[in-house]
Amino acid sequence: MGQEIKVNIGEVKQAISKLKHSSHSIKASVPTDVKGQNHLDASKKIEELNQTINKIAASYASAFSKQIAQTESAVEAIKDTDKQLASSMKTR
């Protein structure tokens, strides 16, 4: 157990901040009303696919945001544990 894990909290928080900003830009920009006056099966299928793509992109963005929050929580837990261990070593 002689291995040490080092976490640079500042760098991790900076990376998480960048991820947060990039997660806001996850949006599919496909049209959902392509058929207009057209009643072809292909245009209906394209419209359905575009709606599905939009839903998947929204789900991905939501999952990505949740993952960022969990990462932030884990980093804070590591930081708190490190402080507790450091203070317990000082009192010995």
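Counting Cα-Cα pairs of the stretch 41-92 in 5 Å increments starting at 0 gives whole-percent bin shares of 4, 18, 10, 11, 9, 8, 9, 6, 6, 5, 4, 3, 3, 2, 1, 0. Counting 0.36 nm for each residue step from residue 71 to residue 23 and taking away their Cα separation leaves a gain of 15.9 nm. The slack between residue 48 and residue 89, meaning 0.36 nm per residue of separation minus the straight C-alpha distance, is 8.6 nm.
List the residues of the stretch 51-90 whose backbone N lies under 18 Å from a point placed 7 Å from the Cα of residue 5 along the Cα-to-Cβ direction. Answer for the stretch 51-90: 68-87. Computed from backbone phi with θ = phi - 60° and the Karplus coefficients 6.51, -1.76 and 1.60, the 3J(HN,Hα) list for the stretch 49-61 is 5, 5, 5, 5, 4, 4, 5, 5, 4, 5, 5, 5, 4 Hz; x is used for glycine and proline.
Read the figures in this text as sums done on the coordinates, not as results from a lab. Because the structure is a prediction, the values reported are computed rather than measured. So basically every Cβ, Gly included, is an ideal-geometry build from the backbone, and we count neighbours across all protein chains shown.
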